[in-house]
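Quick note: the coordinates plus some simple rules give every number you see, no bench work behind them. Quick caveat, the model's predicted, so the values are computed rather than measured. Every residue, glycine as well, gets a Cβ built from its backbone with ideal geometry; the counts of neighbours run over all protein chains shown.
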Amino acid sequence: MPKARHVRRFAAAMLSCIAAAAPSAHAVPSSDLVVIVSAKSPVTELRRDQVAGIFLAPGARFPHGGAAIALDQRIGSKQRDLFYSQVAELSPEQLKEHWSRNIFTGRGQPPREVAGNASVRRQVAQNPALIGYIDRSALDRSVRAVLVVN
């Protein structure tokens, strides 16, 4: 009988470990970001370094030669912080320093800020020269994901 009790305890402990490791039905899905362009844009895919170049260098161009105008999410937003840390490997402080140097030397201004996923998606959809980033869950047919950031 003592052996059976240990087996039951072991099984119960294993089940609780499995239950703790399994995703909950109420778990929040991962918030992958996607870099988007208009569905009308000829751009279908971009590499991380290309996207970083567009967002960090005013006057950047898409690989096909067309003008690329970046739209940023608001300073302090989780999307913005995740985007720059994953795509450009920059912290918010490093990004601020980057733009302070560029502004001071006259090399350019940071991208225009837009409030939220819906606003970024709407503006990008209307202009094939724009590029932005939004939560994957905010995608629709008006825009095309050219890079997944996770």
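Counting charges near Lys78 (Lys, Arg +1; Asp, Glu -1) among other residues having Cβ under 14 Å from its Cβ returns a value of -1.
For Gly116, the amide hydrogen comes within under 5 Å of the amide hydrogens of Arg74, counting only partners 5 or more places away or on other chains and with H modelled in the peptide plane. Take the Cβ atoms of Ala39 and Ala115, set R0 to 22 Å, and the FRET efficiency comes out at 0.50. Over all projection directions, the Cα-based convex hull of the range 42-95 averages an area of 3.8 nm². For Ile36, the residues whose amide H sits under 5 Å from its own are Gly132, Tyr133, Ile134, Val146, ignoring neighbours fewer than 5 places away on the same chain, with H placed 1.01 Å from N.
Packing order of peptides 70-83, 99-112, 123-136, highest average first: 123-136, 70-83, 99-112 (average count of other Cβ atoms within 10 Å over each peptide's residues).
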